[in-house]
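Laboratory data are not the source of any read-out in this text; all were calculated from the coordinates shown. Since the model is a prediction, treat every value here as computed from it, not as a measurement. Cβ coordinates were reconstructed from backbone atoms using ideal geometry, including for glycine residues, and neighbour counts include every protein chain displayed.
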Amino acid sequence: MKFAVIVFPGSNCDMDLLWAIKDVMGAQAEYVRHDVTSLVGFDGVLLPGGFSYGDYLRCGAIARFSPIMAEVKRFAEAGKPVFGTCNGFQVLTEAGLLPGALIRNKSLHFICKTTPLKVVNNQTKFTSEYENEEVIQIPVAHGEGNYICDEKTLAQLKANNQIVFTYEEDINGSVGNIAGICNEAGNVLGMMPHPERAMEEILGSTDGRRFFASILKNFGKVSVK
């Protein structure tokens, strides 16, 4: 299984994602620039954290117009896995691939710490290696991680089991303490926390490994390290 790690101007977690999926998990992966228009030859897409286009206008609002995003949308519509972490999650909401939006943390401060997350849906292809309701330790690093949506959208997310991760404590003001959601088809997932930063004990947690193991097992149908 081969992954494209999308690199926008201002991305700064692309190296983390490539290291996690390639060096730790043993999958194939390459960087793909924002101005590329084809994802032929790739089986999965990873959108990294950072500050795409300097987060001007709104986080992810300019990145959604990058040439590569039309191909990412086609990729998602074909049922292939698309994952966005932090700024990648923001890009996915701006692009309409996931509902809702991310705004400034309620504290108006940047948050950078390892935080407990609850796996509220382990029936997705991204979370099957976790136990349901399991609490895992995953780092966050964001200033605009406050997830918002209207009541109708929230009701739909709950009815369709699209809420995948929630914070165990209110760290940023997100409605329902939502930390990560997926689309109705279950092949696009966005979350503000960084599983790629929880891959080795020296980093404080290995709980991110099972996230990527789930992707490889369910989308790639291959054995994982």
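Put a dot 7 Å past each Cα toward the Cβ at Ser128 and Lys22; how far apart are the dots in nm?
Taking the simple label geometry, Lys22 and Ser128 are separated by 2.6 nm.
If amide hydrogens are placed 1.01 Å from N in the peptide plane, which non-local residues have theirs closer than 5 Å to the one on Ile138?
Amide H neighbours of Ile138: Thr115, Leu117.
Can you work out ³J(HN,Hα) from phi for every residue in region 160-169, in order, using Karplus 6.51 cos²θ - 1.76 cosθ + 1.60 and θ = phi - 60°, giving whole Hz and x for Gly and Pro?
Couplings: 9, 6, 8, 7, 9, 10, 10, 6, 6, 9 Hz.
Compare the peptides 156-168, 118-130, 31-43 by average per-residue count of other Cβ atoms within 10 angstrom and give them in order, highest first.
On the way: 156-168: 17.7, 118-130: 19.5, 31-43: 14.2.
Highest-to-lowest ranking by the protection proxy: 118-130, 156-168, 31-43.
Could you calculate the contour length gain from Tyr56 to Arg33, that is, 0.36 nm times the residue separation minus the distance between their Cα atoms, to one decimal place in nm? Let's see the in-between values first.
Values: separation 23, 0.36 × 23 = 8.28 nm, distance 1.92 nm.
This chain segment gains 6.4 nm when fully extended.
Please identify, among Thr115, Thr93, Thr153, the residue showing maximal mean-square fluctuation in a Gaussian network model of the chain using a 10 angstrom Cα cutoff.
Residue with maximal mean-square fluctuation among Thr115, Thr93, Thr153: Thr153.
Quick one: of Lys2/Lys113; Lys73/Lys106; Lys2/Lys217; Lys2/Lys158, which pairs are farther than 25 Å apart, Cα to Cα? Can you show the working numbers first?
Numbers: Lys2/Lys113 30 Å; Lys73/Lys106 31 Å; Lys2/Lys217 13 Å; Lys2/Lys158 32 Å.
Cα-Cα > 25 Å for Lys2/Lys113; Lys73/Lys106; Lys2/Lys158; rest within.
With charges set only on the Cβ (+1 for Lys and Arg, -1 for Asp and Glu), what does the dipole of the chain come to about its Cα centre, in debye to the nearest 20?
Numbers: 21 positive and 25 negative charges, 85 e Å.
Using only the charged Cβ atoms, the result is roughly 400 debye.
Starting from the Cα gyration tensor of region 127-193, take the square roots of the eigenvalues, sort them a ≥ b ≥ c, and report rounded, prolate or oblate (rounded when a/c is under 1.5, otherwise prolate if a/b is larger than b/c, else oblate).
Taking the square roots of the gyration eigenvalues as a ≥ b ≥ c, region 127-193 is oblate.
I need the shape label for the chain. Rule: rounded when a/c is under 1.5, else prolate if a/b > b/c, else oblate, with a, b, c from the alpha carbon gyration tensor. Write down the numbers at each step before the final one.
Numbers: a/c = 1.27, a/b = 1.08, b/c = 1.18.
Taking the square roots of the gyration eigenvalues as a ≥ b ≥ c, the chain is rounded.
By DSSP, what percent of the beta bridges with both residues in region 2-220 are antiparallel, rounded to the nearest 5?
Details: 22 of 38 bridges.
DSSP beta bridges in region 2-220 are roughly 60 percent antiparallel.
Apply the Karplus parameterisation 6.51 cos²θ - 1.76 cosθ + 1.60, with θ equal to phi minus 60°, to every residue of region 73-80 and state each ³J(HN,Hα) to the nearest whole Hz, in sequence, with x for glycine and proline.
Karplus-based 3J(HN,Hα) across region 73-80 equals 4, 4, 4, 5, 5, 7, x, 7 Hz.
Label region 156-225 by shape, choosing from rounded, prolate and oblate, from the square roots a ≥ b ≥ c of the eigenvalues of the Cα gyration tensor; if a/c is under 1.5 it is rounded, and otherwise prolate applies when a/b is larger than b/c, oblate when it is not.
Values: a/c = 3.28, a/b = 1.20, b/c = 2.74.
The shape class here is oblate.
What does a probe at Thr153 reach in region 103-128, counting residues whose amide N is under 11 Å from the point 7 Å along Cα→Cβ?
103
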